[in-house]
1. Search the stretch 46-70 for residues being touching a strand residue (DSSP E or B) at 6+ places or on another chain (Cβ under 7 Å) and assigned to a loop (DSSP other than H, G, I, E, B), and hand back the single one that is surrounded by the fewest Cβ atoms within 10 Å (Cβ to Cβ).
2. Taking V29 as the residue in question, decide whether it is under 18 Å from the mean Cα position of the chain (by Cα) and touching a residue at least 40 places away in the same chain (Cβ under 8 Å).
3. Given the conditions (1) modelled with pLDDT under 80; (2) hydrophobic (A, V, I, L, M, F, W, C); (3) surrounded by fewer than 10 Cβ atoms within 10 Å (Cβ to Cβ), and given that I4 satisfies all but one, which numbered condition is not satisfied?
4. Kindly establish whether K43 is surrounded by fewer than 19 Cβ atoms within 10 Å (Cβ to Cβ), modelled with pLDDT of 90 or more and not aliphatic (A, V, I, L, M).
5. Taking strands (runs of 3 or more DSSP E) that do not extend beyond the stretch 71-167, which have at least 3 residues that are within 26 Å of V37 (Cα to Cα) and of a type outside the set (F, W, Y)?
6. Output the residue which, of all residues in the stretch 124-142 that are of a type in the set (G, A, S) and more than 8 Å from the chain's Cα centre (by Cα), is nearest to L104 (Cα to Cα).
Amino acid sequence: MRMIKGVLFVLIGLFLIVTLMSLFIPSKVMTTRGMPVHASPEKILAKITDLKEWKTWHPVFMQDSNAKYSTPSAGMNASIEWATGGVVNSIRVTGSSPSGIKFLLIRPGEIPVENILSIEPLQDSTGYQVQWQALTKLKWYPWEKFAGIFTDKMTGPGYEAALISLRDVIEGRKQ
């Protein structure tokens, strides 16, 4: 009995220490990727602000022909829905500006991920920097906070692949 109490005391102590440590980890994680694209801003914006154009460059929508696009497919509240593994995901535009769009990635049972796709002129050339920022909000659970440390490593390559594909389509490297 004494040994069981000791083990329980140690386990509860470890849980409390891990929980307290997780309180010092930020509850928001920003993942940012950028790609220089040599084209006019109008051409770039046409590809990123019209969600139907995403099927020409975004790897998820190039492969998924079952994606459902809203009408209109650009502007406030435009959306895309697609299924992955039996789960229906969606993207909904929440804002647009002359330099890009803001949208939410919505997955059932998860906190929506806020995204911004924007363009900025490059200082030393005629191209533009297309930047993808994703803000992931984490729950207070210790395992969520510790997993948040790896969010950039897990999601960043997907954003980077999409930006490379966008660049290749716009610059005519890929048809």
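The values are calculated or read from the model by the stated rules, or taken from the named source; none is laboratory data. What you see is a predicted model, and the numbers here were worked out from it, not measured in a lab. Neighbour counts run over all protein chains shown; Cβ positions are idealised from the backbone, glycine included.
1. N66
2. On the way: under 18 Å from the mean Cα position of the chain (by Cα): yes; touching a residue at least 40 places away in the same chain (Cβ under 8 Å): yes.
When the stated conditions are applied, V29 passes them.
3. Among (1) modelled with pLDDT under 80; (2) hydrophobic (A, V, I, L, M, F, W, C); (3) surrounded by fewer than 10 Cβ atoms within 10 Å (Cβ to Cβ), the lone unmet condition for I4 is (1).
4. yes
5. Fully inside the stretch 71-167 and qualifying: 87-97, 100-106, 113-121, 128-137.
6. First, the residues of the stretch 124-142 that are of a type in the set (G, A, S): 125, 127, 134.
Checking the rest, the ones that are also more than 8 Å from the chain's Cα centre (by Cα) come to 125, 127.
Numbers: S125: 32, G127: 27 Å.
By that ranking, first place goes to G127.
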